Amino acid sequence: MERLPCFVQAIQLSGRFEAVAKRVYIYAAGGICDGMYDRFRTDAGARVISIESSCHSIMIDSPGRVAEILIETTQT
């Protein structure tokens, strides 16, 4: 069973994400990540885009809007 390790192994993060020049966070308003939204909203190097959503699955609730945001943010 090769899938088990993804649930039991700790992730190793370097912290280098802050070195990425262009960061875009899509926030599912009404979801479960208000703490993350507050953190990213105050990040001067990041753009935060909020989408109204009844849950955390914005790619299921609003696939067209997510696609628009991805296209828009990669072209600017």
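The values are calculated or read from the model by the stated rules, or taken from the named source; none is laboratory data. Remember, predicted model here, so these are calculated numbers, not experimental data. Glycine gets a Cβ as well: all are built from the backbone with ideal geometry, and neighbour counts include every protein chain shown. With ligands, DNA and RNA removed, areas are computed over all heavy atoms of the protein, side chains included. Shrake-Rupley method; radii C 1.70, N 1.55, O 1.52, S 1.80 Å.
Surface composition of the chain: carbon plus sulfur atoms hold 57% of the accessible area, using a 1.4 angstrom probe and ignoring ligands, DNA and RNA. Put a dot 7 Å past the Cα of L13, heading toward its Cβ, do the same for A44, and the two dots end up 2.2 nm apart.
For the chain, modelled as a GNM whose springs connect Cα atoms under 10 angstrom apart, the maximal fluctuation among A21, A46, A29 occurs at A21. For the chain, a Gaussian network of Cα nodes joined below 10 Å ranks I60, I51, I26 by mean-square fluctuation, and the top entry is I60.
Per residue, the chain reaches -9500 deg cm²/dmol at 222 nm when only DSSP H runs of four or more residues are counted, each adding -39500 (n - 2.57). The relative contact order of the chain, computed from alpha carbon pairs under 8 Å that lie at least 6 residues apart in sequence, is 28 percent.
Mean-square fluctuations from a GNM of the chain, with a 10 angstrom spring cutoff on Cα atoms, peak among R16, R39, R65 at R16.
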